[in-house]
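In what follows, a structure is listed as structure tokens, so that the remarks can point back to it.
Just so it is clear, none of the values below were taken in a lab; they were calculated from the coordinates. Just so we're clear, the structure is a prediction, and the values are computed from it rather than from any experiment. Here the Cβ positions follow ideal geometry from the backbone for every residue, glycine too, while neighbour counts run over all protein chains shown.
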């Protein structure tokens, strides 16, 4: 019974989302049921690819990534995979006709993480951000607008800006792990061995500009997904405020987090705005 297998596969993607990101899981719960499972499916796919290149240090990451990529394209071609995460993802890709070019760009950026440790030019940085984050926002947007090409193109710049902002916040928050443990530096022109307040300020201003563009698009999203996306936006905005207030030396030494009680506060305020039709 393929339907049962598909349900189990989607449940696996939901479990991955809940296990790896409480904040994203909470925001996804606020989406309409008609799209919620598909966002879990997208997250499960990108999380597993990212996990290979970031976490499996005791294994041959390239061999694992090659196998994952091969299984991915077989899943897309045959519309089934015995890997439940890939099976769930291909289901969403085909249901909403998600552009294969977005998937290829994502896999390209993930493959760079196997070997590339520095992004020295602005173009390299932009290309990596596009593949690792912008395209994920565009996959989600395809689901949100239910494949409507006109709406997709209208909201595309905002979706890319939101993906970029989320990724750059993650880069800044994970500075210690990326620089000290993985020896990666994503921001060009920044010496992270001497990371100072001026460098932090420049990065934060860049993220704030992305958020400004993104917010305009969030208010134009379909009503049944606006609350969930706005909740994610507010969570990352809260995290950015904490990073802004944190000395640059401390960012180098620890991972900055938003406590659970503050996450719930973000959710509550977003909920009130949504139900007062302020979104």
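Between residue 154 and residue 67, take the C-beta separation as r, use R0 = 45 Å, and let me know the FRET efficiency to the nearest 0.05.
In this case the efficiency is close to 0.70.
At residue 127 and residue 57, where each label point lies 7 Å from the Cα along Cα→Cβ, what is the point-to-point distance in nanometres?
2.8
Which peptide among 139-151, 56-68 comes first, and what is the full order, when sorted by highest mean count of other Cβ atoms within 10 Å?
Values: 139-151: 19.3, 56-68: 12.8.
Ranked from most to least packed, the peptides come out as 139-151, 56-68.
For segment 75-136, what class follows from the C-alpha gyration tensor (a ≥ b ≥ c being the square roots of its eigenvalues): rounded when a/c is under 1.5, otherwise prolate if a/b is larger than b/c, else oblate? Walk me through the intermediate numbers first.
Values: a/c = 3.76, a/b = 2.12, b/c = 1.77.
Prolate is the answer for segment 75-136, as a/c is 1.5 or above and a/b outweighs b/c.
Just to compare against my own numbers: the Cα pair-distance distribution for segment 130-225, 10 Å bins, whole % per bin, please.
16, 41, 26, 15, 3
Using alpha carbon centroids, what distance separates segment 104-159 and segment 1-71, in Å?
Segment 104-159 and segment 1-71 have Cα centres spaced 17 Å from each other.
In segment 185-222, whose amide N lies under 16 Å from the spot 7 Å out along Cα-to-Cβ of residue 176? List them in ranges.
193, 195
Using only the Cα atoms of segment 1-143, build the gyration tensor, take square roots of its eigenvalues as a ≥ b ≥ c, and label the shape rounded, prolate or oblate: rounded if a/c is under 1.5, else prolate if a/b is larger than b/c, else oblate. Walk me through the numbers before you get to the answer.
Working: a/c = 1.62, a/b = 1.39, b/c = 1.17.
In terms of gyration-tensor shape, prolate.
Take the alpha carbon gyration tensor of segment 70-110, find the square roots of its eigenvalues, order them as a ≥ b ≥ c, and report rounded if a/c is under 1.5; if not, report prolate when a/b exceeds b/c, else oblate. Walk me through the numbers before you get to the answer.
Values: a/c = 1.97, a/b = 1.27, b/c = 1.55.
It comes out oblate by the Cα gyration axes.
For 138, 175, which order do you get if you count the other beta carbons within 10 Å of each Cβ and list the fewest first?
Working: 138 22, 175 27.
With the fewest neighbours first, 138, 175 line up as 138, 175.
Along the Cα→Cβ direction, 7 angstrom out, place labels at residue 117 and residue 4. What is the inter-label distance in nm?
Modelled inter-label distance: 5.0 nm.
Extending each Cα 7 Å along its Cβ direction at residue 249 and residue 197, get the distance between those two points in nm, one decimal.
1.2
For the chain, what is the mean residue ellipticity at 222 nm derived from helices alone (per DSSP H run of n ≥ 4: -39500 (n - 2.57); sum divided by total residues; nearest 500 deg cm²/dmol)? Walk me through the intermediate numbers first.
Details: 13 runs with 207 residues, N = 279.
-24500 deg cm²/dmol, from helical runs alone.
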